[in-house]
Amino acid sequence: MWLIYRIGIKIYGLLIRILSPFSDKARKWADGRRGVLARVAREVDAEKGSIWFHFASLGEFEQGRPVLEALKLHRPDQHIVVTFYSPSGYEIRKNTPLADHVYYLPEDTPSNAKAFIRLINPTMAIFTKYEYWPYYFRTLAAVGVPLYVISAIFRPKQAFFKWYGGLFRQTLRHVTHFFVQHAESGTLLAQLGLHNVTVAGDTRFDRVASLPGMRKAIPEVEAFAAAAPVLVAGSTWPADEALLAQLHRRFADWHIIIAPHEIHEEHLLAIERLFPDAVRFSTLRSNIDRSATYRPAGKILLVDNIGMLSSLYGYGRVAYVGGGFGIGIHNTLEAATYGVPVIFGPNYHKFEEAKGLIAEGGGFSVGDADGLIEAMGALIDETKRRRAGAIAGRYVREHAGATDMIVRHLLGEQLGRDVVGQ
């Protein structure tokens, strides 16, 4: 099985490199790993040791960020090394001030795992939610480095619980401790004989719970939102945008802020074809910069940059979160924390927070344009909208606290008290 896995890793890497001339994401994946070990050797002082955080992508970074911040605060003597698997995480967070060093994770081969771990000399390794790399996990165990998985979630359909999953079950046995999101995950691990588990919840709740107090004012958006009620549509894909276009025709008195998941020019032009009256954020900003009295006339604001979404939701009376007509919805909690109802597509069943929001009455799943129009029609009623929004906000607050539990374990009971007491 190990041989098959190694061949699979090699083939996957080869395919990515073949595709790199034709795909920007593949090119970044390949280029980012070229010479990465030599770069680590030049930049990291192994004698000082480090705390190693690995994230699959940007979403996992934001999920694990509260724990990263807490450990940076309480272990200032330790360097922080962050690795990403996906370009969508690395390219956005490669200059984060929370880490001393940020790299692409070298491919999971025996030589790469041994070299990388030797070069960064970690005192502990922390992986968030997903990503179980057999050679990295085995090497960490061999050299005695404790390995933690936080905000982990397991489902019966995963390979760990299938007849063919022996390699992956063996990989799990190298984990020092699992901090899982819910009891069902703990039960599944117990079936494998793994009892080094704490049901801590999801650290994303801790991250998003702080967003309203940290939100930066965006004058251009304030000007756009001043004239009418606003729906904020975040992380949208073409299928979402097609539904929003029909919604716009039905509720023309509402303004819509669209922050698409991908902001390349082709996608932006496609959105503008659906919404001919849309104004781009960059254009709005330049007009306001030229004239303090300028007021936007359009009803659609198209956000053509990144990094604003967690603040944008604060301007909405209703939120729509994209991705639910593809492989799965994006972060509903970033919207819910502002106390607004959250609407999303049908592919939400792998997301516990979405199921929780629906069960409580703060979230609404729609399957087509008619469903979206119906949901929006109900939420136009101010009483219903306020009630659903209050439920969404309360849901976030009531599920916060995972970070404190994890940090207590990682740093010891006394330091844990310090974190809780801040």
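The values are calculated or read from the model by the stated rules, or taken from the named source; none is laboratory data. All figures in this text were calculated on a predicted structure; none of them were measured in a lab. FYI the Cβ positions are ideal-geometry reconstructions off the backbone, even for glycines, and counts take in every protein chain you see. Surface accessibility is based on the protein's heavy atoms, side chains included, excluding ligands, DNA and RNA. Shrake-Rupley method; radii C 1.70, N 1.55, O 1.52, S 1.80 Å.
Applying a threshold of 9 Å to beta carbon distances and a minimum spacing of six or more residues, or different chains, the list of pairs starting in region 137-158 at a residue that is free of Cβ contacts under 8 Å to residues at least 24 places away in the same chain and ending at one that is in a loop (DSSP other than H, G, I, E, B) and among the small types (Gly, Ala, Ser) reads 158/165. Of 166, 234, all but one fail to be under 16 Å from residue 301 (Cβ atoms), of a type in the set (Gly, Ala, Ser) and in contact (Cβ under 8 Å) with a residue 24 or more places away in the chain; the exception is 234. Counting only helices (runs of 4 or more DSSP H) that sit completely within region 32-150, those holding 3 or more residues that are modelled with pLDDT under 95 and buried (at least 17 other Cβ atoms within 10 Å of the Cβ) correspond to 58-74, 87-93. Looking across region 1-21 at every residue that is at pLDDT 90 or above and not in a helix (DSSP H, G or I), the one that is surrounded by the fewest Cβ atoms within 10 Å (Cβ to Cβ) is identified as 21. Looking across region 23-63, the residues that are small (Gly, Ala, Ser) and in contact with an Asp or Glu (Cβ under 9 Å, 6 or more places away or on another chain) come down to 32, 49, 50, 56.
Every condition in (1) in contact (Cβ under 8 Å) with a residue 40 or more places away in the chain; (2) of a type outside the set (Phe, Trp, Tyr); (3) on the phi > 0 side of the Ramachandran plot; (4) out of contact with any helix residue (DSSP H, G or I) (no Cβ under 6 Å at 6 or more places or on another chain) is met by residue 193 except one, and the failing one is (1). Scanning region 77-123 for residues that are small (Gly, Ala, Ser) and over 30 Å from residue 308 (Cα atoms) yields 111, 113, 115.
Within region 305-322, is there a residue that is free of Cβ contacts under 8 Å to residues at least 40 places away in the same chain and of a type outside the set (Lys, Arg)? Scanning region 305-322, I find no residue that is free of Cβ contacts under 8 Å to residues at least 40 places away in the same chain and of a type outside the set (Lys, Arg), so the answer is no. Against the numbered list (1) outside any loop (DSSP other than H, G, I, E, B); (2) free of Cβ contacts under 8 Å to residues at least 24 places away in the same chain; (3) within 17 Å of residue 59 (Cα to Cα); (4) not aliphatic (A, V, I, L, M), residue 384 comes up short only at (3). Selection within region 211-237: residues that are of a type in the set (Gly, Ala, Ser) and open to solvent by 10 Å² or more (accessible area, probe 1.4 Å). The member of this set that is farthest from residue 389 (Cα to Cα) is 223. When restricted to residues that are outside any loop (DSSP other than H, G, I, E, B) and either open to solvent by 30 Å² or more (accessible area, probe 1.4 Å) or over 21 Å from residue 395 (Cα atoms) (or both), region 190-204 contains 5.
Only one entry in 188, 192 is more than 30 Å from residue 281 (Cα to Cα) and in contact with a Pro (Cβ under 7 Å, 6 or more places away or on another chain), namely 188. Restricting attention to region 136-170, the residues that are over 24 Å from the mean Cα position of the chain (by Cα) and on the phi > 0 side of the Ramachandran plot total 1.
State yes or no: is residue 271 modelled with pLDDT of 90 or more, closer than 24 Å to residue 328 by Cβ, of a type in the set (Val, Ile, Thr) and assigned to a helix (DSSP H, G or I)?
Taking the combined requirement at face value, the residue satisfies it.
Is one or more of the residues making up region 35-43 farther than 16 Å from residue 406 by Cβ and touching a Leu at 6+ places or on another chain (Cβ under 6 Å)? Checked against the condition, which is being farther than 16 Å from residue 406 by Cβ and touching a Leu at 6+ places or on another chain (Cβ under 6 Å), region 35-43 yields at least one hit. Pairing residues of region 242-270 that are within 23 Å of residue 381 (Cα to Cα) with residues that are open to solvent by 70 Å² or more (accessible area, probe 1.4 Å) and at pLDDT 95 or above, at Cβ distances under 7 Å and at least 6 apart in sequence or on separate chains, gives 245/274.
Only a single item in (1) touching a residue at least 12 places away in the same chain (Cβ under 8 Å); (2) in contact with a Pro (Cβ under 9 Å, 6 or more places away or on another chain) is not met by residue 27, and it is number (1). Do you know which residues across region 205-247 are of a type in the set (Asp, Glu) and either assigned to a loop (DSSP other than H, G, I, E, B) or modelled with pLDDT of 95 or more (or both)? Selection gives 240, 241.
Could you check region 248-267 and list, in sequence order, the residues that are more than 22 Å from residue 218 (Cβ to Cβ) and either part of a loop (DSSP other than H, G, I, E, B) or open to solvent by less than 10 Å² (accessible area, probe 1.4 Å) (or both)? Those that are more than 22 Å from residue 218 (Cβ to Cβ) and either part of a loop (DSSP other than H, G, I, E, B) or open to solvent by less than 10 Å² (accessible area, probe 1.4 Å) (or both): 251, 252, 253, 264. Restricting 298, 339, 326 to residues that are within 19 Å of residue 388 (Cα to Cα) and open to solvent by 10 Å² or more (accessible area, probe 1.4 Å) narrows the list to 339.
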